[in-house]
Structure formats: C-alpha cells, structure tokens
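Encoded as structure tokens, the structure appears first; notes follow it.
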Amino acid sequence: MLQYPVSVERDSNGTVLVSFPDIPEAHTYGVDTGDALARAPDALETALAVYMDLRRDIPIPSRSKKRARVVALQR
C-alpha cells in the first residue's frame with residue numbers, strides 16, 4: 001500500500017486545504033480537517049489517473065515523518 005504524505009493548512013477563507021508534496025497536481029479542500037482529509041484520496045487518485053493517461057512516471061511517496069498525516073492508496 002502506498003502512503004503519500006499530505007500538507008494540511010487553513011486557507012484565508014476558513015476552509016482547510018490538503019496538498020501532496022509528491023504530487024503537486026493533487027489538492028483539495030474541506031470545511032474542516034476531517035472533511036478535507038476525507039476528500040484527499042479522490043484528489044490523489046484523480047491526479048495519478050492523469051499521470052497514467054499522459055504516461056508519466058508515478059512518483060514514489062517520500063518518507064513521512066512520525067505522526068505526519070498520510071493518504072493511503074487502496075488496491
């Protein structure tokens with residue numbers, strides 16, 4: 001199972017942004033952290049589908065720090 005680290009930060013409009021340092025095209029948002037993280041797998045899968053369509057290499061997830069948030073891709 002691949003686990004990609006995520007960056008979670010509050011936006012100026014009060015929403016929470018989630019981005020993937022290893023996949024700059026993948027990002028999403030939510031009304032709170034839980035909502036944003038719930039949307040994150042779809043954002044990651046969509047970005048990786050574009051990579052596959054364009055025949056781009058899929059980046060290997062970088063090592064996450066202890067207690068860092070990650071999003072796992074399910075088989």
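Structural remarks
- 0 to 90° range, to nearest 10: angle between helix 33-53 axis and the chain longest Cα axis: 20 degrees
- For peptides 58-69, 10-21, 35-46, sequence by mean Cβ density within 10 Å, most packed first: 35-46, 10-21, 58-69
- Cα centroid separation - the range 1-24 against the range 41-75, whole Å: 12 Å
- Hull shadow area, averaged, the chain [alpha-carbon convex hull, nm²]: 5.2 nm²
Throughout, read-outs are computed from the coordinates displayed, never taken from laboratory work. It should be emphasised that the depicted structure is a prediction, and the values quoted were computed from it without experimental measurement. Reconstructed Cβ throughout: ideal geometry from the backbone, glycine too, with neighbour counts over all protein chains shown.
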